Amino acid sequence: MINPVFWAMRTFMFERPSKNKSYTELANQLTAGRNVVLERATTAAGDAKAHGILTHVTGIERWAQNRIRVALGEQFRDEEYDGYRPAKELSWADAQQQFEATRNDTLALCGELMAAGVDSNTKVRHNSFGEMAISGWLQYIYGHTDFETKSIK
């Protein structure tokens, strides 16, 4: 059974805000979010804290992409995000590039989902939040990244 706090977070932070959004609307939101993060990163000093945040959100997004691909027929892998996180040794410029490439892959994934006719209400399990709609996963990527990167200075 899912923790009631996580149920509330999933419902009110991810699934409800994305419920009536099309893949195009979600992709537009993710594009705008990418631009904001890259602007934050460009003006930041790129210290260890900022680097850690950017590689964290990149790893989470890569992990989420693999969960979303389950809706396209890929096998579900019950794993944590750690293996998806870019290396700590990356330069600040490379960390920014990997974030941008990862977000662009998410945008391409939105197009694949739309082209395949995948219902955005299709559920795939999140480790903490339980069964979450694909639209909720895309909202999760957007919201988690926006929240975490606000402290990049």
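Brief remarks on what is shown
- Interchain or long-range residues, amide H under 5 Å from Met132's placed H: Val124, Arg125, His126
- Once C-alpha pairs closer than 8 Å and six or more residues apart are averaged by separation and normalised to the residue number of the chain, the relative contact order reads 44 percent.
- In a DSSP loop and with at most 13 other Cβ atoms within 10 Å, the GluC sites (Glu not before Pro) in segment 53-142 are Glu74, Glu79, Glu80, Glu89.
- Coordinate range of the alpha-carbon atoms in segment 4-149 per principal axis, descending: 40, 28, 28 Å.
- Within segment 1-36, backbone nitrogen closer than 20 Å to the virtual label 7 Å beyond the Cα of Met114 toward Cβ: 17-36
- Candidates per trypsin sites (Lys or Arg not before Pro) in segment 96-136, loop by DSSP, up to 10 other Cβ within 10 Å: none
Each value in this text was obtained by applying a stated rule to the coordinates, not by laboratory testing. Worth saying up front: this structure is predicted, and the values here are computed from it rather than measured. Ideal geometry is used to build each Cβ from the backbone, glycine not excepted, and the neighbour counts take in all protein chains shown.
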